[in-house]
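Reading through the structure tokens given below for one structure.
The values are calculated or read from the model by the stated rules, or taken from the named source; none is laboratory data. Predicted model only: the values in this text are computed from it and were never measured. Every residue, glycine as well, gets a Cβ built from its backbone with ideal geometry; the counts of neighbours run over all protein chains shown.
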């Protein structure tokens, strides 16, 4: 039996530091039929590499250092209190990527989130992964962009993630770099090979940054049971993730098409389907006891 695909609308920082925009994106995700919305939480002074902090960046708020820009986008307790309450009102859970240890404490101690995402940028930060795993109350979703098999092996051993997401960290990602065949290979390596080291109730997902929906649907057909795409109100908005995001109408189509794919996959047993019985009588001239192969 195929599991219903869990669909995450990644708000990330497409809100551009504006709480009202974040709430509108939550509403759009709920209306589209998504299972979760996701944000990103970081302490910029810890998460931004030291050599990047003083670099100047042109922004809608004028020229500023990259560190100040990251601070400008970051939500704190005031905003997350509203997000947490609105999540309950809408009936759509929220989760977040954690970029550093203080952010992990913030998300779990204050909001008791069910899932913590390890972003691809932190997939090799074994200290952070072990720290999250130590909480036990939050399950880990691991994103694997910019990773080798060895990198993923180490992260899996450190954190026992519940979900491993295939991902390519190019924004937007060209089709030839999506490498969707990694999805069944991840399932074989971390679920199906019977290796005691990886014996765990685990699922494989897909976090996409491409333009368009077709390849995300292909990921589901290849076995992804979690899907994450960035959501935006308008792809022309300011922000590095906007161009690789999906607008609300597109998200509705994505969710609908994923549910259709789930229905179409069936159970994998070859048999005479109910709709084939009458055509079989008409075309072959006899009825048939279906034999499951």
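Being modelled with pLDDT under 95 and closer than 24 Å to residue 157 by Cα is a condition met by no residue of the stretch 223-232. Taking the criterion of being surrounded by 15 or more Cβ atoms within 10 Å (Cβ to Cβ) and part of a helix (DSSP H, G or I), the residues of the stretch 155-176 that qualify are 155, 156, 158, 159.
Being over 17 Å from residue 49 (Cβ atoms), free of Cβ contacts under 8 Å to residues at least 12 places away in the same chain and either touching a strand residue (DSSP E or B) at 6+ places or on another chain (Cβ under 8 Å) or assigned to a helix (DSSP H, G or I) (or both) narrows it down to one residue among 89, 104, 113, 82; which is it?
Numbers: 104 fails: free of Cβ contacts under 8 Å to residues at least 12 places away in the same chain; 113 fails: free of Cβ contacts under 8 Å to residues at least 12 places away in the same chain; 82 fails: free of Cβ contacts under 8 Å to residues at least 12 places away in the same chain.
Answer to the selection: 89.
Whether a residue is out of contact with any helix residue (DSSP H, G or I) (no Cβ under 9 Å at 6 or more places or on another chain), at pLDDT 95 or above and crowded, with 18+ Cβ neighbours inside 10 Å was assessed, and residue 120 passes this test. Is it true that some residue in the stretch 19-28 is in contact (Cβ under 8 Å) with a residue 24 or more places away in the chain, under 14 Å from residue 232 (Cβ atoms) and assigned to a strand (DSSP E or B)? Checked against the condition, which is being in contact (Cβ under 8 Å) with a residue 24 or more places away in the chain, under 14 Å from residue 232 (Cβ atoms) and assigned to a strand (DSSP E or B), the stretch 19-28 yields no hits at all. If you go through the stretch 195-222 and keep only what is assigned to a loop (DSSP other than H, G, I, E, B), modelled with pLDDT of 95 or more and farther than 15 Å from residue 257 by Cα, you end up with 209, 210, 211. Within the option set 277, 292, being part of a loop (DSSP other than H, G, I, E, B) and either surrounded by 10 or more Cβ atoms within 10 Å (Cβ to Cβ) or at pLDDT below 95 (or both) holds for one residue only, 292. Once the stretch 65-83 is narrowed to residues that are farther than 25 Å from residue 27 by Cα and out of contact with any helix residue (DSSP H, G or I) (no Cβ under 7 Å at 6 or more places or on another chain), the residue that is surrounded by the most Cβ atoms within 10 Å (Cβ to Cβ) is 69. Which members of the stretch 110-141 meet the condition of being closer than 22 Å to residue 19 by Cβ and more than 18 Å from the chain's Cα centre (by Cα)? Correct list: 110, 111, 112. Across the stretch 224-261, the number of residues qualifying as surrounded by fewer than 20 Cβ atoms within 10 Å (Cβ to Cβ), part of a loop (DSSP other than H, G, I, E, B) and either free of Cβ contacts under 8 Å to residues at least 60 places away in the same chain or in contact with a helix residue (DSSP H, G or I) (Cβ under 7 Å, 6 or more places away or on another chain) (or both) comes to 5. Just to be sure, is residue 268 in a loop (DSSP other than H, G, I, E, B), surrounded by 15 or more Cβ atoms within 10 Å (Cβ to Cβ) and on the phi > 0 side of the Ramachandran plot? For residue 268, the condition - in a loop (DSSP other than H, G, I, E, B), surrounded by 15 or more Cβ atoms within 10 Å (Cβ to Cβ) and on the phi > 0 side of the Ramachandran plot - is not met.
Yes/no per residue for (1) buried (at least 20 other Cβ atoms within 10 Å of the Cβ); (2) touching a helix residue (DSSP H, G or I) at 6+ places or on another chain (Cβ under 7 Å); (3) part of a helix (DSSP H, G or I):
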residue: 141; (1), (2), (3): yes, no, no
residue: 146; (1), (2), (3): no, yes, no
residue: 150; (1), (2), (3): no, no, yes
residue: 153; (1), (2), (3): no, no, yes
residue: 184; (1), (2), (3): no, no, yes
residue: 190; (1), (2), (3): yes, yes, yes
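Apart from one condition, residue 134 fits all of (1) in contact with a helix residue (DSSP H, G or I) (Cβ under 9 Å, 6 or more places away or on another chain); (2) under 27 Å from residue 187 (Cα atoms); (3) surrounded by fewer than 22 Cβ atoms within 10 Å (Cβ to Cβ); the exception is (1). Has the stretch 48-63 got at least one residue that is under 22 Å from residue 140 (Cβ atoms) and either at pLDDT 95 or above or more than 18 Å from the chain's Cα centre (by Cα) (or both)? Among the residues of the stretch 48-63, not one is under 22 Å from residue 140 (Cβ atoms) and either at pLDDT 95 or above or more than 18 Å from the chain's Cα centre (by Cα) (or both), which makes the answer no.
For the stretch 39-61, does any single residue satisfy the condition of being in contact with a strand residue (DSSP E or B) (Cβ under 6 Å, 6 or more places away or on another chain), surrounded by 14 or more Cβ atoms within 10 Å (Cβ to Cβ) and touching a residue at least 60 places away in the same chain (Cβ under 8 Å)? Yes, there is a match, as at least one residue in the stretch 39-61 is in contact with a strand residue (DSSP E or B) (Cβ under 6 Å, 6 or more places away or on another chain), surrounded by 14 or more Cβ atoms within 10 Å (Cβ to Cβ) and touching a residue at least 60 places away in the same chain (Cβ under 8 Å).
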